[in-house]
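Here's the structure we're looking at; comments come further down.
The values are calculated or read from the model by the stated rules, or taken from the named source; none is laboratory data. Nothing here was measured: the structure is a model prediction, and the numbers come from that model. No Cβ is skipped: glycine too gets one built from the backbone with ideal geometry, and neighbour counts run over all protein chains shown. These area figures cover heavy atoms from the full protein model, side chains too; ligands, DNA and RNA do not enter into them. Shrake-Rupley method; radii C 1.70, N 1.55, O 1.52, S 1.80 Å.
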Amino acid sequence: MMRVQLTDHIWLIPGRRGGHYPHCNSLFIDAGGRAVIDPGSDRKELRAVAAEGVATVLLSHFHSDHVRDLRELRGAAAYIHASEREAVEGTEAMKRCVYFPDEVQDEIWMHRKDREVGGWGWPMAGTFSHGSEFSFGPVTLQVLHTSGHTGGHCCFWFPKEKLLYAADIDLTPFGPWYGNASSNLGAFQGSIASLACLDPEITVTGHERGVIKGDIKAELRAFSRIIDDRHARVLAFLAEPRSLQEVVNQGFIYGSFFSEDNSLAVPETRMIRHHLDYALELGQVRRRDGMFERS
Ligand SMILES: [Zn+2]
């Protein structure tokens, strides 16, 4: 798939396999100074873009599907949110973002991630934070720290073009994904709500849909409601005391896929843990003898 022009100076590079994981949709800015956002879309196209000379790479977060083709843009200066710099520069910090401290670490998974990105550990030229601005000729973007998916997840807003790169607030029918230790449900809900204050004419999602034209408030509400619905199902199940494993076995997140695909046990477990943490935080649930129960 080739580039798709969105504005005078901004192109979408659609992700392979429809932008499904393990790929994402990238943005390419060519405005007297070239930049790529999230180089995980299409290696061939990113190579072509790299041959034209790319000075800057911005990463929405450290996940391999958004970083995987950074190796093709080696000459560029790469930036990520300050809280995730270490996670993209080294495996130990990455694992701290992914795993809960009491989890058994999976070396096979780690090797796979390492292979995907051509060796984990990419030196960043610098970091950004909420409100940081980058300018490329006439194009200016603002960083929006929108944590929840991961702790340092960011979206990018181009005020003049009214274009939003929403990264993994990806508005898919599956809904929000919060399967890392550094994910956070309350933060995710707040981040989704914060995007409703913008008035984008073009939204580019990190996965699947790619380009959405016009108002996205209804999409944001539907996306957020998926968290609420999952949470309500978890709480209903806790009418009687249940162990973490009993809640996980219900497959509230992945539904029927959960029973068919063993590899989903890990993200299902982590996402349920976030629901239980959130419920404990809100006082909806209490914990007794390792069991969870509505309070
Ligand atoms: Zn991600």
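Against the condition open to solvent by 30 Å² or more (accessible area, probe 1.4 Å) and in a loop (DSSP other than H, G, I, E, B), how does PRO200 come out, does it pass?
Details: open to solvent by 30 Å² or more (accessible area, probe 1.4 Å): no; in a loop (DSSP other than H, G, I, E, B): yes.
No: the conditions fail for PRO200.
When you scan the stretch 21-45, how many residues do you find that are away from the ligand (no atom under 16 Å from the Cβ) and under 20 Å from the mean Cα position of the chain (by Cα)?
At the first step, the residues of the stretch 21-45 found to be away from the ligand (no atom under 16 Å from the Cβ) are 28-36, 42-45.
Restricting the remaining residues to those that are under 20 Å from the mean Cα position of the chain (by Cα) gives 28, 35-36, 42-43.
The total comes to 5.
Each row is one residue, and each column tells you yes or no for (1) more than 16 Å from THR205 (Cβ to Cβ); (2) touching a strand residue (DSSP E or B) at 6+ places or on another chain (Cβ under 7 Å); (3) touching a residue at least 40 places away in the same chain (Cβ under 8 Å).
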residue: HIS23; (1), (2), (3): no, no, yes
residue: LYS44; (1), (2), (3): yes, no, no
residue: ARG47; (1), (2), (3): yes, no, no
residue: VAL54; (1), (2), (3): yes, yes, no
residue: SER60; (1), (2), (3): no, yes, yes
residue: ARG71; (1), (2), (3): yes, no, yes
residue: ILE80; (1), (2), (3): yes, yes, yes
residue: GLU84; (1), (2), (3): yes, no, yes
residue: GLU89; (1), (2), (3): yes, no, no
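Name the residue that is nearest to the ligand (Cβ to nearest atom), counting only residues in the stretch 46-66 that are open to solvent by less than 10 Å² (accessible area, probe 1.4 Å) and in a loop (DSSP other than H, G, I, E, B).
So, considering only residues that are open to solvent by less than 10 Å² (accessible area, probe 1.4 Å) and in a loop (DSSP other than H, G, I, E, B), the one nearest to the ligand (Cβ to nearest atom) is HIS61.
Please note which strands (runs of 3 or more DSSP E) are completely contained in the stretch 124-168 and include at least 2 residues that are surrounded by fewer than 20 Cβ atoms within 10 Å (Cβ to Cβ). Step through it out loud before you land on a result.
Details: elements: 126-128, 133-136, 139-145, 154-158, 163-167.
Because the criterion is at least 2 residues that are surrounded by fewer than 20 Cβ atoms within 10 Å (Cβ to Cβ), the strands (runs of 3 or more DSSP E) in the stretch 124-168 that meet it are 126-128, 133-136, 139-145.
Please determine, by comparing only the residues of the stretch 67-94 that are within 15 Å of the ligand (Cβ to nearest atom) and either touching a Cys at 6+ places or on another chain (Cβ under 6 Å) or among the polar types (S, T, N, Q) (or both), which one is most open to solvent (accessible area, probe 1.4 Å).
If we take residues in the stretch 67-94 being within 15 Å of the ligand (Cβ to nearest atom) and either touching a Cys at 6+ places or on another chain (Cβ under 6 Å) or among the polar types (S, T, N, Q) (or both), then SER83 is most open to solvent (accessible area, probe 1.4 Å).
Kindly provide the set of residues from the stretch 236-282 that are in a loop (DSSP other than H, G, I, E, B), open to solvent by 50 Å² or more (accessible area, probe 1.4 Å) and touching a residue at least 12 places away in the same chain (Cβ under 8 Å), ordered by number. Lay out the reasoning, then the answer.
Pass one, the stretch 236-282, residues in a loop (DSSP other than H, G, I, E, B): 238-241, 243, 250-255, 261, 282.
Next, only the ones that are open to solvent by 50 Å² or more (accessible area, probe 1.4 Å) stay: 239-241, 250, 261, 282.
Scanning the stretch 236-282 gives ALA239, GLU240, PRO241, GLN250.
What tally of residues in the stretch 97-109 results from selecting those that are part of a helix (DSSP H, G or I), under 20 Å from the mean Cα position of the chain (by Cα) and surrounded by fewer than 16 Cβ atoms within 10 Å (Cβ to Cβ)?
Step one: list which residues in the stretch 97-109 are part of a helix (DSSP H, G or I), which gives 97-98, 107-109.
Within this subset, residues satisfying the condition of being under 20 Å from the mean Cα position of the chain (by Cα) are 97-98, 109.
This time we only want the ones that are surrounded by fewer than 16 Cβ atoms within 10 Å (Cβ to Cβ), so: 109.
Count: 1.
Give the residue that is farthest from the chain's Cα centre (by Cα), with candidates limited to residues of the stretch 283-295 that are open to solvent by less than 70 Å² (accessible area, probe 1.4 Å) and closer than 12 Å to VAL234 by Cα. Walk me through it before giving the result.
Keep residues of the stretch 283-295 that are open to solvent by less than 70 Å² (accessible area, probe 1.4 Å), which gives 283-285, 290-293.
Going one step further and asking which of them are closer than 12 Å to VAL234 by Cα, we end up with 284-285, 292-293.
On the way: GLN284: 27, VAL285: 28, PHE292: 29, GLU293: 31 Å.
Taking the candidates together, the pick is GLU293.
Table: residues versus (1) more than 28 Å from ALA193 (Cα to Cα); (2) modelled with pLDDT under 95; (3) of a type in the set (S, T, N, Q).
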{"site": "GLU45", "(1), (2), (3)": "yes, no, no"}
{"site": "LEU59", "(1), (2), (3)": "no, no, no"}
{"site": "LEU70", "(1), (2), (3)": "yes, no, no"}
{"site": "ALA87", "(1), (2), (3)": "no, no, no"}
{"site": "VAL98", "(1), (2), (3)": "no, no, no"}
{"site": "GLU107", "(1), (2), (3)": "yes, yes, no"}
{"site": "LYS113", "(1), (2), (3)": "yes, yes, no"}
{"site": "HIS130", "(1), (2), (3)": "no, no, no"}
{"site": "PRO138", "(1), (2), (3)": "yes, no, no"}
